[in-house]
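Novice: Take a look at the following structure, please.
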Amino acid sequence: METVEKKSTGKKTGKLLSGLLKSALLAAGFFTYLLAGAMVFQMLEQESESNVKEETERHRLDFLKNYTCLTHDAVEHLIKVVTEAVKQGLNPLENSTSIHHTNWDFGSAFFFAGTVVTTIGYGTIAPRTPGGQMFCVAYALFGIPFNIIFLSHIGKNLSLWCKRFGKFLVKKRIKKKTAKVLTIIFFLVMGIIVFLGIPPLVFIITESWSYEEGLYYAFITLSTIGFGDFVVGSGQRCKKPFEGFRALVYFWIIFGLAWLSLLINLLISLLEDTEKKILKDLRKKVQHRKERSQEDALQELVQKPVPKHKTSVI
């Protein structure tokens with residue numbers, strides 16, 4: 001009885017240590033990934049930031065030299081006003097009489113509501129009135145769960161299409177594992193074309209961005225990172241093809257989010273299956289080694305010569 005209890009305790013301790021080791025390795029891997037990312041971003045961006053700072057300061061000093069009637073405080077005040085306007089998503093270069101552009105027409109407001117419930121939050125467009133800010137809190141509180149449910153519903157439908165496609169491949173006498181991989185590749189390629197490849201071509205026309213900038217914006221948006229450095233319809237070079245263009249962009253975002261969520265779930269499923277297979281193979285190897293060692297021990301015991309006893313003569 002005591003031996004059974006000791007074995008049970010040993011198994012529990014082994015599982016606990018295995019779980020702690022797995023968590024420690026996962027945490028170490030995650031923070032290593034963060035550190036590596038920080039180093040790369042620092043190498044790529046720090047020098048560029050320093051150059052911009054130096055250039056900005058040089059322009060400011062040149063401006064004060066050329067316009068001696070302006071004081072240092074007046075220039076600083078102007079910079080603050082312009083900065084505040086940019087923060088609110090306004091273009092300071094526009095003429096004051098130009099009222100055709102607004103961040104709060106119905107299409108733009110619809111787009112903003114979508115960025116709230118999807119948690120993208122670009123930051124270039126945000127409510128400034130106390131009433132708008134309080135309403136945003138309440139709206140996000142109920143809108144975010146509602147959005148998750150809606151995305152889940154779209155994801156389920158897409159998942160059904162994935163299963164149908166996988167069954168179709170299995171009917172064509174393709175192995176289940178291979179069919180799953182092919183399904184992931186198919187939806188990955190189709191999604192990249194529809195949600196990441198084609199939209200930048202539209203943004204080249206409407207926003208005057210380069211293709212790389214449009215691709216960057218598309219991924220940053222669909223991944224809900226939403227830095228806000230590029231936002232549809234808010235740049236100085238934007239050319240809205242029609243009213244409500246931003247609202248149409250939101251529909252691209254919502255279906256793109258559903259596609260990306262489905263793709264991530266498929267990848268997780270594939271990785272989990274791979275992990276299970278690896279663990280299964282390891283268990284088989286351990287079991288095989290145990291059986292082999294037991295067989296070797298038994299064989300040694302059988303082959304061991306019986307000691308001969310000397311007969312004593314009385």
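The values are calculated or read from the model by the stated rules, or taken from the named source; none is laboratory data. Because the structure is a prediction, the values reported are computed rather than measured. So basically every Cβ, Gly included, is an ideal-geometry build from the backbone, and we count neighbours across all protein chains shown. Protein only, heavy atoms only, side chains kept; ligands, DNA and RNA dropped before computing areas. Shrake-Rupley method; radii C 1.70, N 1.55, O 1.52, S 1.80 Å.
Novice: How many residues, within region 198-219, are open to solvent by less than 20 Å² (accessible area, probe 1.4 Å) and either in contact (Cβ under 8 Å) with a residue 60 or more places away in the chain or in a helix (DSSP H, G or I) (or both)?
Specialist: 7
Novice: Sticking with this structure for a sec: Here is a list of conditions, (1) open to solvent by 40 Å² or more (accessible area, probe 1.4 Å); (2) at pLDDT 85 or above; (3) not small (Gly, Ala, Ser), and Leu169 meets all of them except one; can you say which number that is?
Specialist: (1)
Novice: What are the residues in region 111-138 that are within 25 Å of Ala85 (Cβ to Cβ), assigned to a helix (DSSP H, G or I) and either open to solvent by less than 90 Å² (accessible area, probe 1.4 Å) or in contact with a Leu (Cβ under 6 Å, 6 or more places away or on another chain) (or both), if any?
Specialist: Phe111, Phe112, Ala113, Gly114, Thr115, Val116, Gly131, Gly132, Gln133, Cys136 - these are the residues of region 111-138 that are within 25 Å of Ala85 (Cβ to Cβ), assigned to a helix (DSSP H, G or I) and either open to solvent by less than 90 Å² (accessible area, probe 1.4 Å) or in contact with a Leu (Cβ under 6 Å, 6 or more places away or on another chain) (or both).
Novice: Return the total of residues in region 185-229 being among the charged types (D, E, K, R) and closer than 20 Å to Gly244 by Cα.
Specialist: 1
Novice: Take the conditions touching a residue at least 60 places away in the same chain (Cβ under 8 Å) and open to solvent by less than 70 Å² (accessible area, probe 1.4 Å) and apply them to Gly191. Does it pass?
Specialist: So Gly191 passes the test.
Novice: Given Leu248, Leu215, which one is within 17 Å of Ile120 (Cα to Cα) and modelled with pLDDT of 90 or more? Don't jump to the end; show me each part of the working.
Specialist: Values: Leu248 fails: modelled with pLDDT of 90 or more.
Criteria check complete, one pass: Leu215.
Novice: Hey, among the residues in region 170-186 that are touching a residue at least 60 places away in the same chain (Cβ under 8 Å) and of a type in the set (D, E, K, R), which one's nearest to Asn265 (Cα to Cα)? Walk me through it before giving the result.
Specialist: To start, the set of residues in region 170-186 that are touching a residue at least 60 places away in the same chain (Cβ under 8 Å) comprises 177, 180-181, 183-184.
From what is left, the residues that are of a type in the set (D, E, K, R) are 177, 180.
Numbers: Lys177: 16, Lys180: 12 Å.
Taking the candidates together, the pick is Lys180.
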